1. With a Förster radius of 60 Å, plug the Cβ-Cβ distance of ASP159 and GLU314 into 1/(1 + (r/R0)^6) and report the FRET value to the nearest 0.05.
2. Once label points are set 7 Å from the Cα along Cα→Cβ at both GLU392 and ASP245, what is their separation, rounded to one decimal in nm?
3. I'd like the distance separating the alpha-carbon centroids of the range 108-187 and the range 1-72, in whole Å.
4. Please find, in a Gaussian network model of the chain (springs between Cα atoms separated by less than 10 Å), the residue of ILE92, ILE355, ILE120 whose mean-square fluctuation is greatest.
5. Quick one: which of 332-339, 166-173 comes out on top by average Cβ neighbours within 10 Å, and what's the full order, highest first?
6. Nearest 0.05, what FRET efficiency do ASN44 and SER99 give at R0 = 25 Å with Cβ-Cβ as r?
7. In whole percent, what relative contact order does the range 87-175 give with Cα contacts below 8 Å and a gap of six or more residues?
8. In the range 190-329, what percent of the accessible surface is made up of carbon and sulfur (1.4 Å probe, ligands and nucleic acids excluded)?
Amino acid sequence: MSEQVARAAALDAADELAGIRKRFVLEDEVVYLDGNSLGALPANVPGHVEDVVRRQWGELRIRSWDESGWWTAPERIGERIAPLVGAAPGQIVVGDSTSVNVFKAVVAAVRMVGDDRDEILVDATTFPTDGYIAESAARMTGRTLRPVTPAEVPAALGDRTAAVLLNHVDYRSGRLHDLPSLTAAVHAAGALVVWDLCHSAGALPVGLDEHGVDLAVGCTYKYLNGGPGSPAYLYVRRDLQDRFDSPLPGWNSHAEPFGMRPAYAPASGALRGRVGTPDILSMLALEAALEVWDGVSVDAVRAKSLALTDFFLECVGAYAGEGRVETLTPVAHAERGSQVALRCEDAGDVMKRLIERGVVGDFRHPDVLRFGFTPLYVGFSDVERAARVLGEVLSGEALR
Ligand SMILES: *Cc1c(COP(=O)(O)O)cnc(C)c1O
């Protein structure tokens, strides 16, 4: 038995989150390291969705808007997400996609700071949708969009800065950006910050309230396991809510949605971020999925996430030939999210072979292997196996 196999067994035995894996539908033959793209299915979701469809929709029909709590689901589910991102109640609403919420947040931020600031900064390394949406938001609000890397943000800030859109964790490299200090720098310049939490929520503490974040968005189908296309969320800090002027003021965010008035008057609070009729099936699947977090501390998740990625890097070092892969993910814990990105020649082919052998990560163009470590259902023996299979695939004998 290799040293790594023995270490994996010891780490699994000491893992206080090991029992949570039973809350998911997973096969023992597969090592699923793509939960940073699509989280695994929580075991309680199918039964819940069946009830929503057959009873709530099939039998109660229209009554369910009230009796099954459909109408208030966006705020109610927001309250379940709130503790996972360090937000007090009343500041998060669920609905729409991350892309749409980026649009709402960036335009609303620009409207809040006033007309004398004419520049929007965006993370130049961002997941593309954020950049595309920010560009359109800038065009619509008559601002200039300036792409800068997160490291360049402090020097780029100034009197002209209206808003800054940043990713908490880089989707490609897995680099964790310094949310507290970047938020403070944006505030010192008199601007507002929008954080995209897609790759951090559910993997590490975010501390939205603690660090005074203005606006934040995130998806729920990655580390929050809400299912394909499950609705995203929007956080608006409480003291900004009265000034939140949505660019998509749909009737669901009206102060009196059933008044059917010709003139718009916004509701107060987080639900000002709502737009139209919520996608109830996805939303209620997400609500059930969030039950896997009952009794789970985000700090314990973070501790295990770092242990998993540390151990993966150690095993890759032991199993993969010298110089065959290059680690893009920072070694320093303070700069690491919950994934490991490895640069590798023929990364697309390598990932195909890994998946054939039951190790599921993903490939990001042009040469990146991405492995996501979801502490709720990935164990240390999974990590050891993934690295061992990677080593075999990379070694000449395994390649055709
Ligand atoms: C996954 C992800 C998205 C996804 O946006 P959708 O609107 O849900 O497709 C957006 N931004 C970042 C940073 C992401 O990682």
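1. After rounding, the FRET efficiency stands at 0.80.
2. 6.2 nm
3. The range 108-187 and the range 1-72 have Cα centres spaced 34 Å from each other.
4. Sorting by GNM fluctuation, first place goes to ILE355.
5. 166-173, 332-339
6. Efficiency for this residue pair is about 0.30.
7. 37 percent
8. About 53 percent, which is the carbon plus sulfur part of the accessible surface.
The values are calculated or read from the model by the stated rules, or taken from the named source; none is laboratory data. Because the structure is a prediction, the values reported are computed rather than measured. As a convention, Cβ positions derive from the backbone with ideal geometry for all residues, glycine included, and neighbour counts pool all protein chains shown. These accessible areas exclude ligands, DNA and RNA; they are computed on the full protein's heavy atoms, side chains included. Shrake-Rupley method; radii C 1.70, N 1.55, O 1.52, S 1.80 Å.
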